[in-house]
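Peer 1: What follows is a single structure, and I will ask about it in a moment.
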Amino acid sequence: MGLDFSILPEYSDYFLTGTLWTLALTALSMFFSISGGILFAVLQLNRHAIIRWPTSFIAWLFMGTPLLLQLFLVYFGLVQIGIDLNAFVAGVIALSLHFAVYNSDIIRSAIVAVDSGQVEAARSLGLSNFQALRKIIVPQAVANVTPALGNMMIALLKESALVSVIGVMELTLSAQRAISDSFRPFEFYIAAAAIYYIINLGLEQAVHFAERRTARYR
Amino acid sequence: MDIQLIAKVWPFFAEAAVVTVEISVLAILLGLSIGFAAGLGSLSHNKLIRLPVRFYVSFFRGTPALIQLFLLYFGGPQVGIQLDPFEAGVIGLGVNIGAYMSESIRGAIISVDKGQTEAGRCLGLGHAQVMRKIIIPQAARLMVRPLGVNAIALIKGSAIVSTISLVELSYTAHRFISSTYKPFEMFILASVFYLLIVTVFSYGVRKVDQRVAMD
């Protein structure tokens, strides 16, 4: 059986909806994984061990196990305790949790990396702890954090393909549906790969832009 | 938590963990070989080598590993490549991680001080000799840690081969979740094995890193 890419346009609807779902999935998971990452980072820097330890344990557990397994845990596990989520929501939760843990590691080390003299200086100028955090620490930490966080978000886009396994009609599953209709896996997976690649390029540009914008806070 | 169930099914997980280790080790070895070749190739002065290598790295780092695996396993037969799930798993994961490893290797090579190359050339060594005798030995110690990170990502990433029905840890977890409706127990059980594998492996990487850092 030879290759025939001329069949692809016929299925452009599949690719369009698939791409939109992938974008939605990725964008929502990015937002929640960064918010969650900040929360985790702050909790892990807490001075009370009773708050620090459980968060560290969750971080260790989620960093040491595959995303696919976490996806199963969220999707099937919540059903077990009586919460029936649709696959999309489960996918967003699993992706967000998984990447929140990695993000928190990046964010935490960026906060720690800001010289402690900066806080002391701000405090002696009469700023409160909160003001010092908001006006002095955070802007510097944001500049430190942007490149690594950007890489994580690029990884998130690619890992979002895994969500097809629990039945979210994103790009990968859309390609599979088109394949079960056309019996042409090679052409459709190449096309899906090309779309991921293009989104990836766009995301890389966005990350470079963010890096340039935040670099001035250094 | 259903302890009795865990006691009953853990041997299946242990068996599956062996498959996960096998596939990961083979894929890591394949990835290292490809990574070295591509890492050096991407620094080549010859465009005919450099450009195809850069394209390989960019394609495999820019698209999901799952799509690459499907392309190989389901799309392969269309272009005359017929593989069983184990072969497709090793090759799919290895070729994917090879792209990331080549970047780790390239990064290590270019972070060796430029003066080293210049000094080597001044002493009359050829380009290849400088690479082999001066740059690579120094780059080797810089690349252990990033390659270790790549390898550990691969061990966790190997879960995706469950989607082409290779019976490894994640496949086993999924199967038992479907048959017992106990996702938490199965997650914990599979996690224990993954954490064990990853911990042992990280320890090994740390030991190697200490060894090469000392001399």
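Rule-based calculations on the coordinates, nothing more; no lab input. Fair warning: this is a prediction, and the values are worked out from it, not measured in the lab. Note that each Cβ is placed from the backbone with ideal geometry, even for glycine, and that neighbours are counted across all protein chains shown.
Peer 1: Please arrange B:MET186, B:MET1, A:MET63 by how many other C-beta atoms lie within 10 Å of their C-beta, fewest to most.
Peer 2: B:MET1, A:MET63, B:MET186
Peer 1: I'd like the orientation of helix A:12-44 relative to chain A: the angle between its Cα long axis and the longest Cα principal axis, in ° from 0 to 90, rounded to 10.
Peer 2: 20 degrees
Peer 1: Let me ask another. What whole number of Å gives the distance from the Cα centroid of the stretch A:197-215 to the Cα centroid of the stretch A:1-27?
Peer 2: Their Cα centres are 24 Å away from one another.
Peer 1: Right, here's the next one. Run the helix sum for chain B: -39,500 (n - 2.57) per DSSP H stretch of 4+ residues, divided by residue count, reported at 222 nm to the nearest 500 deg cm²/dmol.
Peer 2: Mean residue ellipticity, 222 nm, calculated: -26000 deg cm²/dmol.
Peer 1: What FRET efficiency comes out for B:LEU51 versus B:LYS133 if R0 is 22 angstrom and r is the Cβ-Cβ distance? Round to the nearest 0.05.
Peer 2: Taking R0 as 22 Å, the efficiency between B:LEU51 and B:LYS133 is 0.20.
Peer 1: Next up: What is the distance in Å between the Cα centres of the stretch B:131-179 and the stretch B:181-215?
Peer 2: Distance between centres, Cα-based: 11 Å.
Peer 1: Which pairs break 28 Å Cα to Cα here: A:LYS158/B:LYS8; B:LYS156/B:LYS207; B:LYS182/B:LYS207?
Peer 2: A:LYS158/B:LYS8; B:LYS182/B:LYS207
Peer 1: Hey, rough spin-label estimate for A:ASP181 and B:VAL200, points 7 angstrom out along Cα→Cβ, what's it come to in nanometres?
Peer 2: Going by the 7 Å Cα→Cβ label model, 4.7 nm.
Peer 1: Additional query: With equal scatterers on the alpha carbons only and no solvent term, can you work out the Debye log10 of I(q)/I(0) for the protein assembly as shown at 0.08, 0.09 1/Å?
Peer 2: At q = 0.08, 0.09 Å⁻¹ the computed log10 ratios are -0.51, -0.65.
Peer 1: So what's the angle, to the nearest 10 degrees on a 0 to 90 scale, between helix B:47-62 and the longest Cα principal axis of chain B?
Peer 2: Helix B:47-62 sits at roughly 30 degrees to that axis.
Peer 1: Oh, and also: Between A:GLU10 and B:VAL18, what is the label-to-label distance in nm when each label sits 7 Å out along the Cα-to-Cβ direction?
Peer 2: 4.7 nm
Peer 1: Related question: What is the ratio of the Cα radius of gyration of the stretch A:9-217 to 2.2 N^0.38 Å, with N the residue count, to two decimals?
Peer 2: Rounded to two decimals, the normalised Rg is 1.20.
Peer 1: Right, next: In whole Å, how far is the Cα centre of the stretch B:26-49 from that of the stretch A:127-182?
Peer 2: Centre-to-centre distance over Cα atoms comes out at 29 Å.
Peer 1: How far apart, in nm, are the 7 Å Cα→Cβ label points at A:LYS135 and B:LEU83?
Peer 2: 5.8 nm
Peer 1: Using only the alpha-carbon atoms, how far is helix B:136-157 inclined from the longest principal axis of chain B? Give it as 0 to 90 degrees, nearest 10.
Peer 2: Between helix and principal axis, roughly 20 degrees.
Peer 1: Along the charge dipole of the protein assembly as shown, which of B:TRP10, B:LEU48, A:TYR217 sits closest to the positive end, that is, farthest toward it, with unit charges on the beta carbon of Lys, Arg, Asp and Glu (+1, +1, -1, -1)?
Peer 2: Projecting each Cα onto the dipole axis, the largest value belongs to A:TYR217.
Peer 1: Tell me which lysines have Cα within less than 21 Å of A:LYS135's Cα, excluding those fewer than 8 residues away on the same chain?
Peer 2: Candidates past the 8-residue exclusion: nothing left.
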